[in-house]
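Visitor: This structure is in structure tokens; I'll ask about it shortly.
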Amino acid sequence: MGSSKLTDKFDLNSLEQTKKQLLDIQLWATTQRTDDHQLYNVIDGLCRVAHMYNMVITQYVRDQGEISTADPQDYIDGKLSTPYAIYKRETDKSESLY
């Protein structure tokens, strides 16, 4: 198997559709008002992380290898910290039950 360029693997129309779907899910998650608010915080954070990856790939494909987003890794790390903290807290609780 030969290697391929990122531009061979992604197209702008599909990336735009993914962006729209992620934003729709994120909007839905942030407007839910139920007892399971933590779950929606996790969904929101993960959508934001996925959206940043999508933006970086879109920029790379559209701009022939250039990425204009300043610090995507810092953004991803920051947005992933809340879902991961919730995950850790919940798994720690369930482990303490046994």
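Each value in this text was obtained by applying a stated rule to the coordinates, not by laboratory testing. Keep in mind it's a predicted model, so treat the numbers as computed, not measured. Because the Cβ atoms are built from the backbone with ideal geometry, glycine has one as well, and the counts that use them run over all protein chains shown.
Visitor: Can you tell me the 0 to 90 degree angle between the C-alpha axis of helix 12-30 and the longest principal axis of the chain, rounded to 10?
Guide: Here the helix axis deviates by roughly 20 degrees.
Visitor: Roughly how tilted is helix 72-96, in degrees to the nearest 10 and between 0 and 90, from the longest Cα axis of the chain?
Guide: 30 degrees
Visitor: Hey, another quick one. Work out, step by step, the length gained on full extension between Thr69 and Ser81: first 0.36 nm times the residue separation, then minus their alpha carbon distance; give nm to one decimal.
Guide: Length gained, Thr69 through Ser81: 2.3 nm.
Visitor: Still on this structure, please answer the following. Can you give the longest stretch of the chain with no exposed loop site, where a site means trypsin sites (Lys or Arg not before Pro) in a DSSP loop (not H, G, I, E or B) with at most 11 other C-beta atoms within 10 Å?
Guide: With trypsin sites (Lys or Arg not before Pro) excluded where exposed in loops, the chain gives 34-98 as its longest stretch.
Visitor: Another question, if that's okay. Which one is right for this structure if Rg and Dmax of the Cα atoms in Å is calculated from it: [x] 22.4, 75; [y] 13.3, 39; [z] 16.8, 53?
Guide: Comparing each candidate, only [z] matches the computed number.
Visitor: Under 14 Å from the Cβ of Leu39, count the other residues' Cβ atoms, weight Lys and Arg +1, Asp and Glu -1, and hand me the total.
Guide: So the surrounding residues net to -2.
Visitor: Still on this model: Which lysines does Lys19 reach when only Cα atoms under 19 Å apart count, and residues fewer than 8 places away in its own chain are ignored?
Guide: Result set, ordered by chain and number: Lys9, Lys79.
Visitor: Please compute the alpha carbon radius of gyration of segment 21-66, then divide it by the globular-protein estimate 2.2 N^0.38 Å. Two decimals is fine.
Guide: Values: Rg = 13.5 Å, N = 46, 2.2 N^0.38 = 9.4 Å.
Ratio of Rg to 2.2 N^0.38 Å for segment 21-66: 1.44.
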